[in-house]
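Each remark here refers to the structure printed beneath this line.
The numbers here are math on the coordinates, done by the rules we state, and not lab data. Computed from a predicted structure; not experimentally measured. Note that each Cβ is placed from the backbone with ideal geometry, even for glycine, and that neighbours are counted across all protein chains shown.
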Amino acid sequence: MLLFKYILNTIPRPWLIKASYIARPIIALLLKGDTYTDPIDGKSFRRFLPYGYENQRKNALSPSTLSLERHRLMWLFLKNETSFFTSKKKLKTLHIAPEQCFLDLFKKQKNLDYVTSDLESPIADVKADICNLPFEDQSFDVVFCNHVLEHIVDDKKAMQELFRVLKKEGFGIFQIPQDLSRQKTFEDDAITNKEERTKIFGQYDHVRVYGRDYFDKLRSVGFKVDEIEYSQKISSKELDRFCLMKNEILPVCYKK
């Protein structure tokens, strides 16, 4: 676990993404088993990999898709509660900072017109700043932006851009690391040391810790927000089998 922690905190994310394409099939083969299952691809393993920049979580990272708990929860929600995969209408979809566990699968979906964007990611189609997206107003039916806003200094501007490019009647999922014990979001621009940032914010490149007021921040730019505690609809057996977090809240946002 210490090795994984060292790798996460020392190797730049674009390099990690590139290296993972080589390491992933090897690790998946070595950990093959039947204890835990990744619902995204249906493959099973004797254990998942640890993950975390400060506090390592056991059985967090799937060896096959490289999904984390939040990705697997979102996948189950999209599959079971929405028409994202079955819509007869072609859904124009924007994915900010695309996750590897979704990238190839979403690209293969015939009902999606799928566009990815990020400032640094080597797997994104469009290189762009989330605070100044190069897309017209109301361009997308669906927008995903997961674990991005905690990196952005002007997160309100980023939220406004997500609202701007989303079509009316469209929806988005904007997950963030959230401390549900906090009522208010905490940020301090004076904290610049990477090690101190990791201890306080959970990761060296985070600039805040979101509290329960995150949902109201989204509402303040115009979104209708449903705070969905989707893990409550999943059996305890499946929560363990899929290595999901209990009580994680999915912020599902709509533009009316």
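Set against the 2.2 N^0.38 Å expectation for a compact globular protein, the stretch 200-256 has a Cα radius of gyration ratio of 1.41. Close amide H contacts of LEU91 (hydrogens built in the peptide plane, cut-off under 5 Å, sequence separation of 5 or more or a different chain): LEU112, ASP113. For the stretch 17-73, the fraction of alpha-carbon pairs lying more than 19 Å apart is 22 percent, rounded to a whole number.
The trypsin sites (Lys or Arg not before Pro) of the stretch 93-131 meeting both criteria, a DSSP state outside H, G, I, E and B (loop) and at most 11 other C-beta atoms within 10 angstrom of the site's C-beta, are LYS110. Springs between Cα atoms under 10 Å define the GNM used for the chain, and in it the highest mean-square fluctuation of GLY222, GLY52, GLY42 occurs at GLY42.
For the stretch 124-212, the Cα gyration tensor yields ellipsoid semi-axes of 27, 15, 10 Å (square root of five times each eigenvalue, largest first, whole Å). By the rule of a C-alpha distance below 16 Å, with chain neighbours fewer than 8 residues away ignored, no lysines are paired with LYS127. Rounded to the nearest angstrom and listed largest first, the equivalent-ellipsoid semi-axes of the stretch 155-256 from its Cα gyration tensor are 24, 23, 11.
Measuring between alpha carbons in the structure, the pairs from LYS58/LYS255; LYS217/LYS246; LYS108/LYS255; LYS58/LYS194; LYS167/LYS199; LYS90/LYS237 lying more than 32 angstrom apart are LYS58/LYS255; LYS167/LYS199; LYS90/LYS237. Taking all Cα pairs closer than 8 Å and separated by 6 or more residues, the relative contact order of the stretch 161-219 comes to 37 percent. Calculated mean residue ellipticity at 222 nm for the chain: -9500 deg cm²/dmol, from DSSP H runs with n ≥ 4 weighted as -39500 (n - 2.57), summed, divided by the residue count and rounded to 500. Here the calculated FRET efficiency for ILE123 and LYS89, from their Cβ-Cβ distance with R0 = 30 Å, stands at 0.65, rounded to the nearest 0.05. Could you work out the relative contact order of the stretch 112-165? I mean the mean sequence separation of Cα pairs under 8 Å and 6+ apart, divided by the number of residues, in percent. Value for the stretch 112-165: 31 percent. Given all pairs of different Cα atoms, what value in angstroms does the Kirkwood hydrodynamic radius of the chain take? Answer for the chain: a Kirkwood hydrodynamic radius of 19.0 Å.
Each residue in SER121, SER181 was given a count of other beta-carbon atoms within 10 angstrom of its own, and listing them fewest first yields SER181, SER121. Normalised by the number of residues in the chain, the mean separation of alpha-carbon contacts (under 8 Å, six or more apart) gives a relative contact order of 16 percent. In the stretch 40-177, the C-alpha radius of gyration followed by the widest Cα-Cα span (Dmax) gives 15.3, 47 angstrom. Computed across the stretch 77-116, the Kirkwood hydrodynamic radius from all distinct Cα-Cα pairs reaches 10.5 Å.
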